[in-house]
Amino acid sequence: MIVTKKAIPRRAMLRGLGATVALPFLDAMVPAFGRLAAAAPKTSRLSTVYIGNGANMKTWTPIAEGRAYEMTPMLEPLAAFRDRMLVLSGLDNKPGLALPGEPAGGHGRIGGSFLTGVHVKPTEGADFEAGISIDQIAARELGQKTELASLELSLDTTEFAGACDAGFSCAYTTTLCWRGPTAPVPMEHDPRAVFERLFGDSGSTDRAERLSRLTANRSILDSVTGKLARLQRELGGRDREKLTQYVDAIRDVERRIQRAEEQSARELPVVEQPAGAPDSFEAYARVMFDLQVLALQSDLTRVITFQLASELSARTYPEAGVADPHHAISHHQNRADNLEKIAKIGAYHSKTVAYYLERLQQTPDGDGSLLDHTTVLYARGMSDSNAHQPIDLPLALFSPELGGGQHLRRKGMPLTNLYTTLLGNLGVPVERIGDSTGTLSTL
């Protein structure tokens, strides 16, 4: 007899008072005839990690091409993933360049054009205009299979109102994501709000209600504890271990958020840091990365865009030995001391991204790991930040489909050619994006 039904639906949810817990992929979700292989259906995912304010390119770009390249100081923190990493150089985002007579604000042009491939309209008002971004193109297709079409996250403030750069609206720097030319998608910077979007269904985002729940010291998982226990009894040993690790990870993230909220209630808020965020960049970035891993693991979404550092970010990095604000130091004026500080910040960002890649690699997914089934683009919208240059961009790609372990140079090729390639590999074919002329040839 051939059994074709799944014992547990792939998108199984445990619902309780104020909580919705989506299960990760378990062996019990594979049809009975396929359990010897215990392989999940191929899942396509796109994760973009963006850094504003450019880079010290001498510490990023390898000299040699191909597989024999030497790791540079900014790439060295990613050395554990060298075999998976495709370092790309030579790609240009020319829509981010200024046209004659336009305002000087390079960050606004570059932020708005980076994922859209469109030259944005200079304005400081509400009449902003860009184009649809590649994450939202992917979300239209991949989001049909998930609870959330996409997640848009940031570690910096996310207000659209007013001007953030000379001649350009804050909409162009506080988000990378656009559902359409006049529809920017807000990016969430509060870990609690992200957590409750993933696991809460109370219908309220009121801060007083959240704090009341915090005061009661009640986990969002408490209302489904009984259902989890019953489900555990019905699963095999391997599935029980998977589910235990997953639930423990959810609880750990919630505890860390609660600790940050308790601290923010005792202390004055840090400038440009939202209440409820951890007090150090590393802790803040890690909890946001862990939330992304949980979202992918439970298949709540397959498309995530994360501004680890936005354009114009004034964050300081004492952890990296740099007390200067990031944006200010990015206008380095070719001074050796400033370039050294930018290099330190860049290497520190790469170390932070390595944490995310490690978490993806450690998380089982079907017949491999989340990293085996997720395309991760680690990107900056500028090369030389002193000149606001969106040319020869610093990019690294971790893709199941494209060959890692090499440095590929494509001098003068549009960045959007990479995007058409990525979307095609994700099963979202497009004829053209922005100024694209084809696909990324080849690897």
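Please treat every number below as a calculation from the coordinates, not as lab data. Computed from a predicted model, the values in this text were never measured in an experiment. Quick reminder, even Gly has a Cβ in these numbers, built from the backbone with ideal geometry, and neighbours come from all protein chains shown.
With the cut-off at under 19 Å, measuring from each backbone N in the range 375-395 to a point 7 Å along the Cα-to-Cβ line of Glu65 picks out 391-395. With both labels modelled 7 Å from their Cα along Cα-to-Cβ, the Ala126 to Arg233 distance reads 5.7 nm. Rounded, prolate or oblate: pick one for the range 399-443, where a ≥ b ≥ c are the square roots of the eigenvalues of its C-alpha gyration tensor, a/c under 1.5 means rounded, and failing that, prolate if a/b is larger than b/c, else oblate. Judged from the Cα gyration tensor, the range 399-443 comes out oblate (a/c at least 1.5, b/c at or above a/b). Answer rounded, prolate or oblate for the range 37-145, using the Cα gyration tensor with square roots of eigenvalues a ≥ b ≥ c: rounded when a/c is under 1.5, else prolate when a/b is larger than b/c, else oblate. Note, shape of the range 37-145 comes out oblate. Going by the alpha-carbon gyration tensor, a ≥ b ≥ c the square roots of its eigenvalues, is the range 348-388 rounded (a/c under 1.5) or, if a/c is not under 1.5, prolate (a/b greater than b/c) versus oblate? Taking the square roots of the gyration eigenvalues as a ≥ b ≥ c, the range 348-388 is oblate.
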